[in-house]
Amino acid sequence: MRMIVALILASTACSTAQEKPVFLSYYAEKDVEPSADPDSPFWKGIRGVVIDRSILGPAVPEYRAEVRSRWTANNIYFLFAGPYRKLTLNSNPDTAKETYRLWEKDCFEVYLGADFEHINRYREFQMSPAGEFLDLDIDSSRPKPGFNGEDRWDSGMQVKARIDEQKKFWYGEMKIPIAAVDARPPAAGNEMRINLFRQDEEPPNRKFLAWQITGVWNPHHPDKFGILRLVR
């Protein structure tokens, strides 16, 4: 009897250890043009998650950001909102084509993958307060992910950025074709693997925040990703 109880407890502990944090993406009937406005009809009342810890673990409340998500029959949307102290931007931002190495400036990032068998394969999406964007096809098992020509992949993503200088907040919205990430038809209950990041300021005071911390100054640890779930 004791052995049976021990086995049950061990199984429960194992199951709990394997559970991942869940980020809910809410269904919308129609696609919209990105507005980067949390008070728009599309985004108002939608609950999200927060990014408020360093990728190494400690809390960074002064850069606490909120992220919301919605999905349609064709696209998945992410809305970011967070305060800033001083924007770190490229001097001549190009919003017409992707900006390589955007991760060296202020940006919000989504790492998203639908392959639960080969978790090293996922997509990386970034945007800046100036409306620059970058999408990458990542294989984290390769040396130096992001530096192997991954930027040649094109997702068809759209972004919209907005800076509120009075409140010292910036907002960013991504509109990503679901087919660029997941071969399945979009449906309530579908799950993907996800992590969210924020980068701010210049070295040596560079801030790197994560929704799910990796414990090292490197975001490419898919074993740390949480779950994105499509819901009605």
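Within region 25-44, work out how many residues are under 22 Å from A73 (Cβ atoms) and in a loop (DSSP other than H, G, I, E, B). Even if it seems obvious, please write down each step before you answer.
Narrowing region 25-44 to residues under 22 Å from A73 (Cβ atoms): 25-35, 40-44.
Pick out the ones that are also in a loop (DSSP other than H, G, I, E, B) and you get 28-35, 40-44.
So the count comes out to 13.
Within region 53-74, residues that are hydroxyl-bearing (S, T, Y) have Cβ atoms under 7 Å from residues that are part of a loop (DSSP other than H, G, I, E, B) in these pairs: S54/V60; S69/G48; T72/A28; T72/K30; T72/D31, counting only partners at least 6 apart in sequence or on another chain. Return a yes/no flag: does region 174-184 have any residue that is of a type in the set (D, E), buried (at least 17 other Cβ atoms within 10 Å of the Cβ), under 12 Å from L112 (Cα atoms) and touching a helix residue (DSSP H, G or I) at 6+ places or on another chain (Cβ under 9 Å). There is no residue in region 174-184 that is of a type in the set (D, E), buried (at least 17 other Cβ atoms within 10 Å of the Cβ), under 12 Å from L112 (Cα atoms) and touching a helix residue (DSSP H, G or I) at 6+ places or on another chain (Cβ under 9 Å).
How about region 182-232: which of its residues are in contact with an Asp or Glu (Cβ under 8 Å, 6 or more places away or on another chain) and free of Cβ contacts under 8 Å to residues at least 24 places away in the same chain? The one that is in contact with an Asp or Glu (Cβ under 8 Å, 6 or more places away or on another chain) and free of Cβ contacts under 8 Å to residues at least 24 places away in the same chain: R206. Listed by first and then second residue, the pairs with beta-carbon distance under 7 Å, at least 6 apart or on different chains, first residue in region 144-173 and in contact (Cβ under 8 Å) with a residue 12 or more places away in the chain, second among the polar types (S, T, N, Q) and not in a helix (DSSP H, G or I), are K160/S35; A161/S128; E173/S35.
So, in region 45-61, exactly how many residues are in a loop (DSSP other than H, G, I, E, B) and surrounded by 13 or more Cβ atoms within 10 Å (Cβ to Cβ)?
Pass one, region 45-61, residues in a loop (DSSP other than H, G, I, E, B): 45-48, 52, 55-58, 60.
Now restrict to residues that are surrounded by 13 or more Cβ atoms within 10 Å (Cβ to Cβ): 46, 48, 52, 55-56, 60.
Going through region 45-61 one residue at a time, the tally reaches 6.
Which one of A81, A114, A59 is small (G, A, S) and closer than 18 Å to S155 by Cβ? Walk me through how you get there before you give the answer.
Numbers: A81 fails: closer than 18 Å to S155 by Cβ; A59 fails: closer than 18 Å to S155 by Cβ.
On inspection, the qualifying residue turns out to be A114.
In a residue-by-residue description of region 106-119, the property of being among the β-branched types (V, I, T) and more than 18 Å from the chain's Cα centre (by Cα) applies to no position.
In this structure, does E66 turn out to be among the charged types (D, E, K, R), under 20 Å from E173 (Cβ atoms) and either in contact with a Lys or Arg (Cβ under 6 Å, 6 or more places away or on another chain) or surrounded by 18 or more Cβ atoms within 10 Å (Cβ to Cβ) (or both)? Judged against the criteria, E66 is not a match. Going by what's in this entry, would F208 be described as under 13 Å from Y111 (Cβ atoms), buried (at least 18 other Cβ atoms within 10 Å of the Cβ) and aromatic (F, W, Y)? For F208, the condition - under 13 Å from Y111 (Cβ atoms), buried (at least 18 other Cβ atoms within 10 Å of the Cβ) and aromatic (F, W, Y) - is not met. The strands (runs of 3 or more DSSP E) found wholly in region 70-129 and carrying at least 1 residues that are surrounded by fewer than 19 Cβ atoms within 10 Å (Cβ to Cβ) occupy 75-83, 121-127.
Residues of region 108-123 that are in contact (Cβ under 8 Å) with a residue 24 or more places away in the chain, charged (D, E, K, R) and in contact with a Ser or Thr (Cβ under 9 Å, 6 or more places away or on another chain): R123 alone.
When P38 is tested against (1) within 30 Å of G149 (Cα to Cα); (2) touching a residue at least 24 places away in the same chain (Cβ under 8 Å); (3) not charged (D, E, K, R), exactly one condition is not met: (1).
Are any of the residues in region 23-39 out of contact with any strand residue (DSSP E or B) (no Cβ under 9 Å at 6 or more places or on another chain) and either over 22 Å from A179 (Cα atoms) or modelled with pLDDT under 95 (or both)? Within region 23-39, one or more residues are out of contact with any strand residue (DSSP E or B) (no Cβ under 9 Å at 6 or more places or on another chain) and either over 22 Å from A179 (Cα atoms) or modelled with pLDDT under 95 (or both).
The values are calculated or read from the model by the stated rules, or taken from the named source; none is laboratory data. Predicted model, so just to flag it, every value in this text is computed and none were measured. Because the Cβ atoms are built from the backbone with ideal geometry, glycine has one as well, and the counts that use them run over all protein chains shown.
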